[in-house]
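Just below is one structure, and these are the notes that go with it.
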Amino acid sequence: MIHEILPVGMLQCNCSIFGDESTREGLVVDPGDEIESILEILRRHGLTVKAIVITHAHIDHIGGAAKLKQATGAPVYMNLNDEELKGMLDVQASWLGMEPVEAVAIDQPARDGEKLVVGATEFHVLHTPGHTQGSICLHLPSETKLIAGDTLFRDSIGRTDLAGGNSRQILRSIHEKLIPLPDETIVIPGHGGSTTIGREKEFNPFLEGMA
Ligand SMILES: [Zn+2]
């Protein structure tokens, strides 16, 4: 499957662009900003976007979703526990000194256990609250990949000091939903470089004692 990772915006959120080589269906995760560049990648691969998925409603992940939805007509998936946070995009913009963005309407709730199918590939929704109440990860078993949003990073975990954050809850989410994945699973965090579940189990100081 086609997979391009494009860091977008001031906070360099990792936007993932997936595409099926035979059906040319696409899926975009976290179009935070730089929608023109995302559209350019979609055009280059001849992809039609079937779904836009938001891992959580922080502005650096959701900020460009309204524009991408307008340009593609694709439905937007987000866990509804982040609706309240999505209602605070103006506040988030002013915290960061950013221009206000248009809030996107959510078309489909991304509930735990749901599966999105793009061509031959399944994307499994894992609800992993803690960084925010509606944080999700996407697991692609056939690709041995995890899109981790801001839940798990290389050598770190998501911050829990912002609205809706809970430090015990994020550790529970990682323990229950992410640690059981195969060690060789490639983890693409919401920011920064990729890693694997096995590497984080061994070296991530926040996960010490989790087996
Ligand atoms: Zn975040």
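Given C-alpha coordinates of the stretch 95-178, what is the ratio Rg to Rh with the Kirkwood estimate of Rh? Don't jump to the answer; show the numbers that get you there.
Details: Rg = 14.3 Å, Rh = 14.1 Å.
Expressed as Rg/Rh, it is 1.01.
Converting the Cα gyration tensor eigenvalues of the chain into ellipsoid dimensions via √(5λ) gives semi-axes, longest first, of 24, 21, 15 Å.
For the set 67/177; 86/145; 50/145; 67/145, the pairs lying more than 22 angstrom apart at their alpha carbons are 67/177; 86/145; 67/145.
Over all Cα atoms in the stretch 14-103, the spread is summed up by Rg and Dmax: 13.2, 43 Å.
Read-outs throughout are calculated quantities, based only on the coordinates presented, and are distinct from any laboratory measurement. Fair warning: this is a prediction, and the values are worked out from it, not measured in the lab.
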